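Scroll down for the structure; my scribbles are underneath it.
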Amino acid sequence: MSAFFCDLHIHSCLSPCAEEEMMPGNIAGVAKLNGLDIAALTDHNTCGNCASFFAACENYGVVPVAGMELTTSEDVHLVCLFRTLSDATAFSEAVDHRRIRIKNKPEIFGRQLLIDLDDEPCGEEEHLLINATTLPLEEAAELCQLHRGIAIPAHIDREANGLLSTLGGMPEKPDFPTIEVKDAASLVKLAQEHPILHAKRAIVSSDAHRLWEIAEPGYALNLPCDKHAGAQEVRDQLIDYLSGQRGGHI
């Protein structure tokens, strides 16, 4: 078992609510400076910058995870994380068919910048990414699992788009083995109000939209692999843990 420091919820400049300085290269560089071993890119309703994020993380020696912060039809946010970049890309293409097309207004919502493998802007997403998709919660979780990923209710300690505040509680179906919070201290009170959370694993992530918000040193997880294992082995062990299998937090 080895300890890995993680931040599994970070937005790039493709998310309109994120700062334009959130280029994949900048994110990877700050992740390295902050002592992170694993970092996940989770833009709203797309994995469009994940390929450039993988390239940047390889340069800095950070294990990259391709992900997405999906907005369900109920307006619940799910962090969806994947074993491989190709799994995430296929999931992103499937979600793209379930997006509601609203023309983005950059002057109101912010620009949605696509970044190439050289970490340079190469285009903009035309349609707004932060609105809800037509995927209901259960179908969204199933679609994520179909693409070998894990869906995690995001920032459940937050009012906006948190599963608990939006639905009033944790549903029995779908079964989410892991939940995410922004503040670890909130878990005690949440578990008192929602006893089902005692059976869940919890992670703490930054939901960073600015470089200074990226976690330092991150949330520590014990994974059953060597600290210097290959990136794919680390990702596989991470997804196994988040899916309710082995490993644990420190």
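The values are calculated or read from the model by the stated rules, or taken from the named source; none is laboratory data. Quick caveat, the model's predicted, so the values are computed rather than measured. Note: ideal-geometry Cβ built from the backbone for every residue, glycine included; neighbour counts use all protein chains shown. Remember, those area values only see protein heavy atoms, side chains included, never the ligands or the DNA or RNA. Shrake-Rupley method; radii C 1.70, N 1.55, O 1.52, S 1.80 Å.
Structural remarks
- Mean separation of Cα contacts under 8 Å, 6 or more apart, over the residue count of the stretch 184-250: relative contact order %: 26
- Charge tally in the Cβ shell below 11 Å around residue 106, where Lys, Arg are +1 and Asp, Glu are -1, residue 106 excluded: -2
- Long-range amide H partners of residue 201 with built H, under 5 Å: 178, 179
- Across 41, 129, 223, mean-square fluctuation computed from a Gaussian network of the chain (C-alpha pairs under 10 Å connected) peaks at 223.
- Cα extents of the chain along the three principal axes, largest first (Å): 45, 41, 32
- Residue-normalised accessible area of the stretch 127-233, given per residue in Å² at a 1.4 Å probe: 48
- Normalised by the number of residues in the stretch 126-228, the mean separation of alpha-carbon contacts (under 8 Å, six or more apart) gives a relative contact order of 18 percent.
- Proximal charge balance of residue 164 [Cβ under 15 Å; K/R count +1, D/E count -1]: -4
- The stretch 102-245 shape via C-alpha gyration tensor axes, a/c threshold 1.5: oblate
- Distance between the stretch 32-89 and the stretch 92-110 - C-alpha centres, whole angstrom: 18
- Among the listed pairs 32/182; 200/227; 103/182, a Cα-Cα separation exceeding 24 Å is found for 200/227; 103/182.
- Dipole of the stretch 25-139, positive end: most advanced residue of 131, 113, 85 [Cβ charges, Cα centre]: 131
- Helix-only mean residue ellipticity at 222 nm for the chain, each DSSP H run of n ≥ 4 adding -39500 (n - 2.57), per residue, nearest 500: -8000 deg cm²/dmol
- Accessible area of the chain belonging to carbon and sulfur atoms, whole % at 1.4 Å probe: 51
- Environment charge at residue 90 (Cβ cut-off 11 Å; Lys +1, Arg +1, Asp -1, Glu -1): -2
- Relative contact order %, the chain, counting alpha carbon pairs below 8 Å whose residues are six or more apart: 26
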